[in-house]
Each structure stands twice: as structure tokens, then as C-alpha cells.
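Worksheet: one structure, shown below.
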Amino acid sequence: MISRFFPLIAVPLFLMGCSGASAPQEDTDQKQPKPVQVGQENDQANSKQRRAYTPEELNEPYSKVSPWRYIVTSPETQYFERLVGLSTLARTVHSSGHAILIPQDDTFTQNKDWKGLFEEEQKEALDRFVKAHVIVGIKGPKMLEGIYENLNGEMVSIEKNDKGELVCGGSRLLGREVETDGGLVIPVMGMVEAIQWD
């Protein structure tokens, strides 16, 4: 008699045992992170760092998104914007994390020599000019004085002049430093160094 009811009892017990054994497996699958493929790790890290900017953040005067956006949005830097845009350094200015000394428009309206940088045969001179304004190693707007290196590999000094103003080469810092997400912006009057023509 027991053998007649055995299949009726054994089958449900067997099914319960199978479902009980698979449940913990599903739980562990859900708890374990999915494996990340090589190369995908950097994409995930970068996507966490990036955020969506509002139209105001991108376009308002003196955007703090990056030095390049600052240059593009500032009403006082249209000449330097054109020079950086024509050089091979727009991406570096945008996201290198370095400090950019940005000559204001008055620098260029008072001196017409710079227009030669637009000529095709002066591409290297243009890049040298922009690189001279990209400074490596400045920690922040409150720690500007010191000796640094520009992207041309030359040593430059930010120091006080006789009037107590901060200067870097032939430029005077205007005291309006801005920290952006992509590097420090330092508005200046004058060129850091004279243009070195090809």
C-alpha cells in the first residue's frame, strides 16, 4: 500500500527540493556584480565623472565647465578663442586639468603682430603661442606664486612685480581666477611671452 502512494509523495518532495536548491543560486547571482570587460572599466569610471550640464552652465558668460567653455562664453576673450580654435590644442585646453593664462581682448587690440599666427605657414608658431599660456602644476587660485613649466617645456615664473601685482612673463594677472571642472582659468592682460615666429 505504501508503494502505491510513494510516487504521490515522492514527486512533490522532489520538486520542492529542486526549487529550494535553485532559489539560493538565483539570490547569489543577483548579489554578485556582473563581470566588467576589459576597457569597459574606464568607460564606467568616466561616465560616473561626467554629468549633464544645463544650458545655462554651458552658455552663460564665464562658464565653469572647462577652460575652453570659459573662453568661448566670455565676452572678453574672442581673439584668444580664435587662436586656440585654430591650434591643435583645443582639446588640451578643454580637459587637461592644467591652468590656462587667458589674454583678454585688449591684449590683441593694442598689438597687431599676432595676426600673422593665422597664416598657414605659422601653424607651429601658433601652437607654441598657445602652449606658452598652458601652465602645468598650479594647485589652485590661492597658490599661484611659484616656478612652473608650460607645455613648451619652458620654465615660467609667477611672481610679484614692484607694484605688488602678480605677473607671468609679459602678462599681468587680473586677480579673477576661476576654477572650472577641466582646469584653472587665469585671466591676464598681455602675452606671457613674445611670439616666436617660424
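Computed quantities for the displayed model
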{"item": "Options 183, 153, 140: the member that is more than 17 Å from the chain's Cα centre (by Cα) and either touching a residue at least 24 places away in the same chain (Cβ under 8 Å) or surrounded by fewer than 17 Cβ atoms within 10 Å (Cβ to Cβ) (or both)", "result": "153"}
{"item": "Scope region 52-78; condition touching an Asp or Glu at 6+ places or on another chain (Cβ under 7 Å) and either part of a helix (DSSP H, G or I) or acidic (Asp, Glu) (or both); matching residues", "result": "71, 72, 73, 76, 78"}
{"item": "Complete set of residues in region 58-89 that are of a type in the set (A, V, I, L, M), under 16 Å from the mean Cα position of the chain (by Cα) and crowded, with 16+ Cβ neighbours inside 10 Å", "result": "65, 71, 72, 84, 89"}
{"item": "Qualifying residue in region 145-159 (condition: over 14 Å from residue 196 (Cβ atoms) and not in a strand (DSSP E or B))", "result": "yes"}
{"item": "Subset of region 157-177 (residues that are surrounded by 18 or more Cβ atoms within 10 Å (Cβ to Cβ) and either among the basic types (Lys, Arg) or in contact (Cβ under 8 Å) with a residue 24 or more places away in the chain (or both))", "result": "168, 169, 171, 173"}
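Quick grid of which residues meet (1) closer than 23 Å to residue 150 by Cβ; (2) surrounded by fewer than 18 Cβ atoms within 10 Å (Cβ to Cβ):
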{"residue": "52", "(1), (2)": "no, yes"}
{"residue": "100", "(1), (2)": "yes, no"}
{"residue": "103", "(1), (2)": "yes, no"}
{"residue": "120", "(1), (2)": "no, yes"}
{"residue": "123", "(1), (2)": "yes, yes"}
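Rule-based calculations on the coordinates, nothing more; no lab input. Model, not experiment: these values are computed from the prediction. No Cβ is skipped: glycine too gets one built from the backbone with ideal geometry, and neighbour counts run over all protein chains shown.
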